[in-house]
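Structure first, commentary second.
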Amino acid sequence: MAMPMESPISFTNVGKIRWWQRGIFASQTGYVLLALAVLLVIMHFASPYFFSQGNMQNVAKNFSFIAIATLGVTFVIITGGIDLSVGSMMCFSAMITSMVMTELSAPGSPLVHMAADGKTVLANVPGLILLISILAGLGVALIAGLFNGFCIAVLGLSPFVTTLGMLSIVRGLGYVVSNGRGSFPGGPDADYFYALTSGDVLGVPAPFIYLVILALTMAVILHHTSFGRHVFALGGNEKAAELTGIPVVRVKIEVYVICALAAGLQGIIISGWLGSAPANMATSYELNVIAAAVIGGANLAGGIGGPLGAIVGCVLLEVIRNGLVLAQVSSYWQQALVGVIIILAVLVDRVRSRMT
Amino acid sequence: MTKADATPVLELTGIGKEFGAIRALHDVDMQVWPGEVVGLMGDNGAGKSTLVKIIAGNFRPTHGEMRFAGNAVHFNRPVDARAVGIEVVYQDLALADNLSAAANVFLGRELKRRFGPIALLDHKAMAARALELFGELRSETRPDDLVRQMSGGQRQAVAIARTRLSNARLVMMDEPTAAISVRQVEQVLGLIHRLKEQGVAVMLISHRMPDVFAVCDRVVVMRRGEKRADKPIHQTSPEEVTALITGAKEAA
């Protein structure tokens, strides 16, 4: 079929786009990364404690506490959707995990069989209770994510409304199952649980390690698999995605499931750090998570975003918070400043895209 | 002309379509031969987009039979039509602006390399194949450039290159020259010639008389859901076609 080419394409009329006008250099993520670097330098001179090992560990831990959920919500934002239920989802997953853990470990529980030595059967396998309870926590997130995805992709409800409803449903269920009291991880596996969620490896906080692994996985998924390509196509032009035969419904459901699972995992990790899963845990975290994603360059209109941006957004928020504390500025200023940064980040991107 | 080839690529017999009480199409017979460019003209509401949607598998006809390369076909979804070798270039091109040209060409049928259980995109192979396709279409389009930064003509090339991935035997183009500049219209008409040279049948749905007369071998005029004319281009004139479209002349 191939035609003999009379001459190779010459590109006489089409200029090449310069390296600094494409890729990360031309993205909001790039600019925010630059701003972050500048901020770090300023912090270094402003406070001698900023780059101390303890503070760095603190910063790494703190931003990891919202960054995993931010990775998840970034998937949804790239498709042009939004998930407001992440905060409630964190709480609910954490709560289910610690309740299941406590329940399975309790000798008097009707759910478990006693072994001869007076402990529950499950407790005799180290880590089994932990595994089951974490899977239970992620399981409820999976169900909520499927429900979100079904309403949005199959029934065609608006993502904003659906997940706003889910925010309330999941938070409400959290209060129902806990009677508003919150719950605590307990039983023989609680120590493993704390080690996995708030421990560290050679001084690197465990949540940070999970974050790096998940972010790298996400980068590969987004840029090197057809699923990732379809996620971007969906955000770029949903109708085109449909016409070219992309399974739009399936991809949409999958991103909401990924988002809910990320939020659930995040919640479980936070509860390990807090030592409990209070019923009002992670209230309004969805706003921080979405703010971090947007500051990092995810476009709420869809089609743009990535793991680096999500992390950069989270780091920026945390460095500012941390910096305000070190500078002894009232922490109440933090929220106002976060708002300013959200608008500034988007504004800079708008000015830049007007210029080119 | 290749009428020597015994079977037409597409053969419609008595195609009719009703939406409730509305008769959108009535008893349309039509044949398209390999390597032929057929212009499909008609005013808004004449039934041309319904006809295109039936051929592309968006709608099922209420009456009539459709044969593709000699075999009777029934499409339930657009994917079915694509599977036999019918490709459509939609009016709005169906491109994702935020992706590169190569990504758009391969959208929905990405090339992959398997590493055990994981299949990763084969960026290199896709870029190379896309460049080859742009070369065939003589379009100066770089596979790695984002579609957002492209001219209307380049976008057309991307949308048309997509149809060349599979060995499409019939390409339908819906108003490909409606929203682009004069120079780009030239490019698009050139692209249609390339397809024709390669033995692909092209159906051009257009309002623009000069374009139809520039590239088509035959023109089919629809009016009020019926085929009113089906003539070789050299036996008709823009004046006659206009009269057929508006109804000043009933049939030819």
Among the DSSP H helices of chain A, those whose Cα atoms extend at least 18 Å along the helix axis and whose mean Kyte-Doolittle hydropathy is 0.0 or higher are A:28-46, A:53-78, A:86-105, A:128-149, A:159-178, A:206-224, A:248-274, A:307-326, A:332-355
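Write down, largest first, the equivalent ellipsoid semi-axes of region B:18-144 in whole Å, where each equals the square root of 5 times an eigenvalue of the alpha-carbon gyration tensor. Walk me through the intermediate numbers first.
Values: eigenvalues 236, 64, 44 Å².
For region B:18-144, the semi-axes come out at 34, 18, 15 Å.
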Expressed in angstrom and ordered largest first, the alpha-carbon extents of region A:29-355 along the principal axes are 75, 57, 35
The alpha-carbon pair-distance distribution computed for region B:99-166, with 10 angstrom bins and whole-percent values, is 23, 53, 18, 5, 0
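Roughly how big is region A:29-355's charge dipole about its Cα centre, with Cβ charges of +1 (Lys, Arg) and -1 (Asp, Glu), in debye to the nearest 20? It would help to have the intermediate numbers written out before the result.
Details: 12 positive and 12 negative charges, 127 e Å.
With only Lys, Arg, Asp and Glu charged at Cβ, the dipole is about 600 debye.
For region A:203-315, what D do you get in µm² per second when you plug the Kirkwood radius from alpha-carbon pairs into Stokes-Einstein at 25 °C and 0.890 mPa s?
Numbers: Rh = 15.5 Å.
The estimated diffusion coefficient comes to 158 µm²/s.
Could you work out the mean count of beta carbons from other protein chains within 10 Å of each residue's beta carbon in B:94-102? Kindly include the intermediate steps, with their values, before the conclusion.
Details: counts 7, 5, 16, 5, 11, 8, 0, 0, 0.
Partner Cβ neighbours, averaged per residue: 6.
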For region A:288-356, using Cα atoms only, the Rg and Dmax in Å read 13.0, 41
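Quote the charge dipole size of the protein assembly as shown about the Cα centre in Debye, to the nearest 20; the model charges only the Cβ of Lys and Arg (+1) and of Asp and Glu (-1).
Working: 48 positive and 43 negative charges, 97 e Å.
Here the protein assembly as shown has a charge dipole of around 460 debye.
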If one builds a Gaussian network model of chain A from Cα atoms under 10 Å apart, the most fluctuating residue listed among A:Pro48, A:Pro278, A:Pro205 is A:Pro48
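Please report, to one decimal in angstroms, the Kirkwood hydrodynamic radius of region B:1-86 built from all distinct Cα-Cα pairs. Can you show the working numbers first?
Details: mean 1/r = 0.0746 Å⁻¹.
That comes to 13.4 Å for region B:1-86.
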Expected vector for region B:220-229, Karplus 3J(HN,Hα) from phi with 6.51, -1.76, 1.60 and θ = phi - 60°, integer Hz, x for Gly and Pro, equals 10, 10, 10, 8, 6, x, 10, 7, 9, 7
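Under the definition of Cα pairs under 8 Å and six or more residues apart, what whole-number percent is the relative contact order of chain B? Each step should come with its number before you reach the end.
On the way: 509 pairs, mean separation 63.1, N = 252.
Computed over chain B, the figure is 25 percent.
So how much slack lies between A:Ala195 and A:Phe45, counting 0.36 nm per residue of separation and subtracting their Cα-Cα distance, in nm? Present the calculation step by step, with values, prior to reporting the outcome.
On the way: separation 150, 0.36 × 150 = 54.00 nm, distance 3.47 nm.
Extra length available between A:Ala195 and A:Phe45 comes to 50.5 nm.
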The alpha-carbon pair-distance distribution computed for region A:175-234, with 10 angstrom bins and whole-percent values, is 19, 24, 25, 25, 7
Rg/Rh over Cα atoms for the protein assembly as shown, Kirkwood Rh, comes to 1.09
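Rounded to a whole number, what is D in µm²/s for region B:35-78 from Stokes-Einstein with the Kirkwood radius over alpha-carbon pairs (25 °C, 0.890 mPa s)?
Values: Rh = 11.7 Å.
It comes out at roughly 209 µm²/s.
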The percentage of Cα-Cα pairs in chain B separated by more than 23 Å is 51
Rounded to whole angstrom, the alpha-carbon centroid of region A:233-311 lies from that of region A:162-211 at a distance of 18
The equivalent-ellipsoid semi-axes of region B:121-227, taken as the square roots of five times the Cα gyration tensor eigenvalues and listed largest first in whole Å, are 27, 16, 12
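All of the numbers you see were taken from the coordinates with simple rules; none came from a lab. Just so it is clear, the structure is predicted and the values come from calculations on it, not from any experiment. We place every Cβ from the backbone using ideal geometry, glycine too, and count neighbours over all the protein chains shown.
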